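Encoded as structure tokens, the structure appears first; notes follow it.
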């Protein structure tokens with residue numbers, strides 16, 4: 001029976017697809033999400049996702065009681081999701097968590113909203129090996145990312161900037177779009193983090209004002225630093241890319257996509273990019 | 001039967017409280033909302049709310065087909081909501097609309113998401129006459145509003161900044177909190193627009209980078225201009241308030257609340273503020 005179903009969704013540990021239209025996640029985007037790859041039954045970078053979520057809950061001011069509730073639901077739901085993924089007989093699955101502050105009194109005031117909503121869903125995912133191998137072309141988005149240190153880094157539910165940026169192109173020519181902040185600094189792709197290499201040094205944008213601190217970005221930075229190669233976290237404009245030798249974008253689901261074209265720049269898939277892809281393969285993340 | 005129920009919610013014209021957890025309104029805040037006062041069975045400033053919503057749908061790139069669907073659901077639901085409000089025998093009600101892009105494919109890409117979700121709810125509302133008469137104290141929020149002209153003005157569902165700002169104070173001492181943008185410019189309250197008077201001239205912040213263009217703000221600006229009193233739309237820091245003779249905040253639900261204290265500034269309820277309150281009363285908005 002289970003193996004015939006294509007996806008599973010649990011809301012507060014109970015199988016369901018429906019939430020209250022009074023939920024603060026809908027009303028205000030008052031919550032967070034995580035997207036986790038499950039590879040052969042193993043949730044990749046699970047500890048990183050859990051840590052980012054916990055930091056986000058703290059930064060959004062979820063009460064300790066709410067955080068305890070969230071973690072109890074997650075523990076139960078993740079186990080069910082993994083079991084479902086194993087039964088699916090699909091080599092790769094995607095598990096998504098959405099955690100909201102639940103229902104509350106009317107208005108922005110969140111005091112008393114201590115009954116969070118925890119949504120865990122899982123479905124098959126097909127890795128795009130061609131994009132990993134041959135690379136992708138990247139669109140130059142016009143929509144900027146606003147700067148706000150109170151929200152930067154978090155994978156929160158306020159994602160209209162990404163929705164608008166992603167709507168700027170259609171079709172298959174571009175696999176991703178690059179976003180700058182309102183000050184013209186390189187930040188990230190609409191759904192991925194950005195890295196580039198210049199003269200053997202690896203760079204990635206500073207995310208203290210805008211952007212999402214991706215778990216794969218974190219893994220890559222740590223993995224490189226273990227071999228003595230420090231990634232430079234920088235605040236730079238688009239010219240930095242024009243001078244780069246290699247460029248890639250990444251997230252925990254797509255892995256690493258080499259960038260082969262952006263504006264009038266063209267790159268081959270570079271050796272450092274290939275080396276990072278190899279590390280990820282070996283680490284099975 | 002109807003009169004015993006305290007509130008009514010229609011989702012796509014059908015009575016319900018539940019939406020799909022795959023709705024893009026929840027996943028990304030991909031939608032808009034409006035909050036409308038119903039006074040003695042009349043929705044106040046209805047045309048302004050409808051116009052702002054339509055402009056928002058266009059700016060978010062909703063398809064013409066989706067907009068047509070939204071407007072059909074709204075027409076049917078508003079009629080039902082007004083009838084419910086009349087039956088409630090409550091002098092004042094609040095009607096809330098939430099319009100989202102509905103369900104779509106996974107990811108930020110909204111192409112093909114042409115089945116919007118239209119939520120209309122109505123419930124009694126008690127006007128706080130004491131705050132209108134005696135004025136309110138306003139908290140100085142630390143959370144800034146980010147600047148992004150692609151989203152400014154819209155009453156969209158990405159409201160984490162307001163949630164964080166509202167969580168900065170508790171209790172009854174402050175009725176509202178004031179928010180600056182990240183550049184230090186006065187913008188608005190967490191749930192209201194801001195006006196002040198200096199030497200007989202009325203000012204309100206420019207909202208081209210941040211903030212929500214409130215319908216009551218628009219009404220006040222138009223109403224004053226009809227008497228030859230042009231409201232100055234300005235980009236100014238907090239010192240402008242310190243030099244003000246009168247300050248008030250407003251939204252379509254609370255009306256006009258005179259501000260009697262902010263930081264170390266104290267004001268009486270001013271004559272221009274009283275005059276504006278009188279106009280609103282007379283216009284029944």
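The values are calculated or read from the model by the stated rules, or taken from the named source; none is laboratory data. Just so we're clear, the structure is a prediction, and the values are computed from it rather than from any experiment. Here Cβ is always computed from backbone atoms with ideal geometry, including for glycine, and neighbour counts include all displayed protein chains.
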* Asked: Restricting to the stretch B:161-201, what's the tally of residues that are assigned to a loop (DSSP other than H, G, I, E, B), more than 9 Å from chain A (Cβ to nearest Cβ) and either within 20 Å of residue A:27 (Cα to Cα) or touching a helix residue (DSSP H, G or I) at 6+ places or on another chain (Cβ under 7 Å) (or both)?
  -> 3
* Within the bounds of the stretch A:204-211, is there any residue that is assigned to a strand (DSSP E or B) and farther than 30 Å from residue B:101 by Cα? -> yes
* Can you find even one residue in the stretch A:101-114 that is in contact with a helix residue (DSSP H, G or I) (Cβ under 6 Å, 6 or more places away or on another chain), crowded, with 18+ Cβ neighbours inside 10 Å and at pLDDT 95 or above? -> yes
* What are the residues in the stretch B:36-88 that are within 14 Å of chain A (Cβ to nearest Cβ) and surrounded by fewer than 20 Cβ atoms within 10 Å (Cβ to Cβ), if any? -> B:58, B:59, B:61, B:63
* Structure fact -> residue B:217 vs (1) in contact (Cβ under 8 Å) with a residue 40 or more places away in the chain; (2) closer than 22 Å to residue B:129 by Cα; (3) assigned to a helix (DSSP H, G or I): all pass except (1)
* Only one residue in A:31, A:25 is crowded, with 22+ Cβ neighbours inside 10 Å and within 7 Å of chain B (Cβ to nearest Cβ). Which one? -> A:25
* To do: Kindly indicate whether any position in the stretch B:253-266 is more than 17 Å from residue B:134 (Cβ to Cβ), assigned to a loop (DSSP other than H, G, I, E, B) and within 14 Å of chain A (Cβ to nearest Cβ).
  => yes
* Identify all residues within the stretch A:225-252 that are in contact (Cβ under 8 Å) with a residue 40 or more places away in the chain, farther than 28 Å from residue A:92 by Cα and assigned to a loop (DSSP other than H, G, I, E, B); write none if there are none. => A:235, A:236, A:237, A:238, A:243, A:244, A:245
* Taking residue B:8, is it more than 30 Å from residue A:122 (Cα to Cα) and at pLDDT 95 or above? -> yes
* Structure fact -> Within the stretch B:136-160, residues under 26 Å from residue B:100 (Cα atoms), more than 7 Å from chain A (Cβ to nearest Cβ), over 13 Å from the mean Cα position of the chain (by Cα) and not in a loop (DSSP other than H, G, I, E, B) come out as B:145
* Structure fact -> All-but-one check, residue B:88 against (1) in contact with a strand residue (DSSP E or B) (Cβ under 8 Å, 6 or more places away or on another chain); (2) modelled with pLDDT of 95 or more; (3) more than 30 Å from residue A:101 (Cα to Cα), failing number (2)
* Asked: For the stretch A:1-117, which helices (runs of 4 or more DSSP H) that fit wholly inside it have 2 or more residues that are touching a residue at least 60 places away in the same chain (Cβ under 8 Å) and under 19 Å from the mean Cα position of the chain (by Cα)?
  -> A:46-59
* To do: Please specify each residue of the stretch B:161-180 satisfying the condition of being touching a residue at least 24 places away in the same chain (Cβ under 8 Å) and under 18 Å from the mean Cα position of the chain (by Cα).
  => B:162, B:165, B:166, B:175, B:176, B:177, B:178, B:179, B:180
* Restricting attention to the stretch A:126-135, and to residues there that are surrounded by 14 or more Cβ atoms within 10 Å (Cβ to Cβ) and part of a loop (DSSP other than H, G, I, E, B), which single residue is nearest to the other protein chains (Cβ to nearest Cβ)? -> A:128
